[in-house]
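Worksheet for the structure shown next.
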Number of protein chains: 2
Amino acid sequence: MSLQEQIHSIATRARTASDRLAELGAREKDAWLLRCADRLEAEREEILRENERDLEEARVKGVAEPLLNRLALSEGKWNDMIAGLRDVAKLPDPVGGIEDSRLRPNGLRVGRMRIPLGVIGMIYESRPNVTVDAAALCIKAGNSVILRGGSEAIHSNLALARELRAAAIETGIPEDAISVVPVTDRKAIVHMLKESRNIDLIIPRGGSGLIRMVTENSQIPVISHDAGVCHIFIDASADADMARSIVIDSKLRQMAVCNGLETLLVHRDTAGTVMPSVLKALYEEGVEIRGDETVCQIFGDAKPATDEDWAKEYLAPLLAVRVVDDMDAAIAHIRRWGTNHTEVIVTESERNAQAFLRRVNSSTVGVNCSTAFSDGYRLGLGAEIGVSTSKLHAYGPMGLEELTTRKFVLQGDGQLRE
Amino acid sequence: MSLQEQIHSIATRARTASDRLAELGAREKDAWLLRCADRLEAEREEILRENERDLEEARVKGVAEPLLNRLALSEGKWNDMIAGLRDVAKLPDPVGGIEDSRLRPNGLRVGRMRIPLGVIGMIYESRPNVTVDAAALCIKAGNSVILRGGSEAIHSNLALARELRAAAIETGIPEDAISVVPVTDRKAIVHMLKESRNIDLIIPRGGSGLIRMVTENSQIPVISHDAGVCHIFIDASADADMARSIVIDSKLRQMAVCNGLETLLVHRDTAGTVMPSVLKALYEEGVEIRGDETVCQIFGDAKPATDEDWAKEYLAPLLAVRVVDDMDAAIAHIRRWGTNHTEVIVTESERNAQAFLRRVNSSTVGVNCSTAFSDGYRLGLGAEIGVSTSKLHAYGPMGLEELTTRKFVLQGDGQLRE
């Protein structure tokens, strides 16, 4: 069987499984989730052995430390993964409810029923826990999932998938609803991206190279989880203490996350008052400041920023800082350099708060809070499969509901259009 | 300027215009819609002259009659187009409202605000009235629109767009929010499909060749309006009169529409009772019947159907008919041959009605009503830009709301994640 045939066969079986899966209720899906948690716990040693194999091969190849960290199923990650399965089982089933039901003048009842998307293709990089997290959410929403993780995690992913599929057989879920592409050849991705009859959605998670490659080659709809160049704008009326604590939380809580602060915009009126103490606090925590001319004049430890700094998702102890004349200039900067992820204004002016919320059309826009709230759990979605920066279907943190769609359901007693 | 630069310049200007447009309220957008109606009425003669030029060139090229009909701005189409502008002005503004607002335990208020998608690229074929209909809906939803109609309609489209842009200047709408690609070279489409920084959504409307070409080449999300192979299933318990009138309405009301009936599935128990009278009524109205073996045995005027008939969107006085053993077989047929458009069951069994509604995941699923209700106006959306057969973002008839997306809005008083 050629690689193309192999991928086509996985995709066709996933499609058939999705028809059966869509008809199952919460009971079967939740039983599967709990069974997966139990099976993984029982097979933990064996799975960690496979993970060690991946790590060993990666070390031999001289892979860098951060990638090794992502690849390793540490105790913390393992426990989160198991807890995640049990948490998702507790969430309400997103499928089957009828919304927006209304009676038309001719007596026809029209509503919209939430249904699974069908088959979801996940394309991701080194973290093997994504295999379990993504499968849990896709299946709970009634979708088959085809998982294509990084080649460096192949042994871990196959070991995890073996348990997920075995749990399916035990709980009446079609096992082909969960599959891991068993080949590491990158061409497998290209074949996947052409299976538009059998796959309804592709979700790429990873670096910009992966996302570009997927977007450019896919004949299937893609929801990208792209970079987050997130901004905070300190307005003229900002409370100094609040501004400082929000900036610190947004930048320092976690560096290597897409909802972390990357560029700080400061209203000219506060450049001499609020800004220095904010920058000093960050600088003392080891954050390098790259500023425009005004910033460098006021804060001696800043280095000059270039256009590259405005465009950069650092994910590191670096912060770009710019002084702007007013909110219009801040919004113009965000439109020019932002990535539609998360932007926050710190202000005591209700008028400016409302204007900022209306005028900035990034996927998450906030007033007087940390950028770190741009997260499915924190926003109350119950779960998160990622953060979409493309506007179609899901914009911002994606939960279970975003893994479904709605069909129109019509109930009549003989209505004709005539 | 090369063709690519020309398209890039249109797309960049549309993006800039969309930022301004997104901040305008219903008042400006509705004023523009009404002004367009007035201007088009005032310039009617001139526009029809340009339409006559297109028709003349098409006749010289020996273009077929149905295409000439689609190309012609007949009096009926003209009046619908003008009335459409005024109707859209009366619809509520889909933009700006906050939905799903809730207070999180930490006091952070989280909601979702409806916002425009940004820039929409419409790629369509010969009907010049689509230029006006699509622009009206896109602008009302706060989006810039780039219109790429068929080359055979170029003079009509440019004449119409001239008035739409002039009306923009008069009512404070950025004129670059509406543009017609002024070149007929098909390569213009390929360049459009690469403008992923500036265009947020591509909507192709037309034959399957156009849709395939767009889907295969686009780096921008696409919502396809693909063929409708619509089914009616006459269940064992169906009321004979209701079945006959629903089938007749679904097939005969209008043939060349995507929500028309193409395949009739008949429960074996009714093949000898309900079916003959239904088929006779259609046959007498000039519909050719293509049936499976049982159908041909029972209804002498039927011709044998092949697999091609099950897959075909006839849009013509032809009907494929199959006798099935039960509802499971009907659903299996729909899954195998349907196009996720519209399927209807005629039944007196509430149990089967509910099972059909749940199990068939086409974009519109109905009980005891005509397939012709699968239409944005009839379902109460107020307007329709098309019928999506792809599951992402919009599934089924698309109205104004489907031309928008939602961002998360967070209102706090200093909340940190910590």
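The numbers here are math on the coordinates, done by the rules we state, and not lab data. The model shown is predicted, which means the values in this text are computed figures rather than measured ones. Using ideal geometry, Cβ is built from the backbone for each residue, glycine included, and neighbour counts are taken over all protein chains shown.
Results, tabulated for the structure shown:
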quantity	calculated
Estimated FRET transfer efficiency when R0 is 22 angstrom, pair A:Gln6-A:Ala166 (beta carbons, to 0.05)	0.55
Residue-averaged beta-carbon neighbours from other chains (10 angstrom radius) around B:356-362	5
On Cα atoms only, tilt of A:75-90 relative to the major axis of chain A in degrees	60 degrees
Pairwise label distance in nanometres, B:Arg44 with A:Glu285, each label 7 Å out on the Cα-Cβ vector	6.8 nm
Segment A:230-378, dipole about Cα centre (Lys/Arg Cβ +1, Asp/Glu Cβ -1), debye to the nearest 20	300 debye
Considering only the protein assembly as shown, percent of DSSP beta bridges that pair antiparallel, nearest 5	25 percent
Flagged links, alpha-carbon separation over 19 Å, of B:Lys280/B:Lys303; A:Lys29/A:Lys90; B:Lys280/B:Lys312; A:Lys140/A:Lys187; B:Lys194/B:Lys407; A:Lys251/A:Lys280	B:Lys280/B:Lys312; A:Lys140/A:Lys187; B:Lys194/B:Lys407
B:Tyr377-B:Glu293 pseudo-label distance in nm [points 7 Å out on the Cα-to-Cβ vector]	4.6 nm
Degrees separating the helix A:274-284 axis from the principal Cα axis of chain A, which is the longest one	70 degrees
Positive-end extreme of charge dipole, chain A - chosen from A:Ala22, A:Phe408, A:Gly386 (charges on Cβ)	A:Phe408
Intensity falloff of segment A:291-418 expressed as log10 I(q)/I(0), Debye formula with alpha-carbon point scatterers, at q = 0.13, 0.16, 0.20 Å⁻¹	-0.69, -0.95, -1.26
Estimated translational D of chain B in µm²/s (Stokes, Kirkwood radius over Cα pairs; 4 °C; 1.567 mPa s)	56 µm²/s
Between segment A:271-315 and segment A:178-242, the alpha-carbon center distance in angstrom	30 Å
Gain on full stretching of the segment that runs from B:Glu52 to B:Asp80 - 0.36 nm per residue minus C-alpha separation	8.2 nm
Packing-based exposure ordering (other Cβ within 10 Å, fewest first) of B:Thr263, A:Thr215	A:Thr215, B:Thr263
Kirkwood-based Rg to Rh ratio, the protein assembly as shown, C-alpha trace	0.99
Simple spin-label estimate for B:Leu103 and A:Glu175 in nanometres, 7 Å along Cα-Cβ	5.2 nm
Estimated [θ] at 222 nm from DSSP helical runs (n ≥ 4, -39500 (n - 2.57)) normalised by residues in chain B, nearest 500	-13000 deg cm²/dmol
Unit charges at the beta carbon, dipole of segment A:1-92: most positive-side option, A:Trp78, A:Pro66, A:Leu33	A:Leu33
Counting DSSP beta bridges with both ends in chain A, the antiparallel % (nearest 5)	30 percent
Shape call, segment B:119-193: gyration tensor on alpha carbons, a/c limit 1.5	prolate
Calculated P(r) of segment A:230-378 - Cα pairs past 27 Å, %	9 percent
Part-to-part distance (alpha-carbon centres) for segment B:321-355 and segment B:56-110, which is given in Å	32 Å
Over 13 Å [Cα-Cα, segment A:336-378], rounded percent	52 percent
Residue-averaged beta-carbon neighbours from other chains (10 angstrom radius) around A:344-355	1
Full-stretch length increase - B:Asp326, B:Asn69 - with 0.36 nm per residue and alpha-carbon distance subtracted	88.3 nm
Quotient of Cα Rg and 2.2 N^0.38 Å for segment A:227-291, N being how many residues it contains	1.04
Mean projection area, nm², convex hull over Cα of segment A:58-211	12.2 nm²
Most mobile of B:Cys369, B:Cys138, B:Cys258 in a GNM of chain B (Cα contacts under 10 Å)	B:Cys369
With Cα atoms, 0 to 90° folded angle of helix B:3-21 axis to chain B main axis	80 degrees
Inter-copy separations for B:Leu315, label at 7 Å along Cα-Cβ, nm, ascending	4.7
Shielding by partners, peptide B:202-209 (average Cβ within 10 angstrom, other chains)	0
Residue closest to axis [chain B; rotation mapping onto A; Cβ; Å]	B:His393, 2
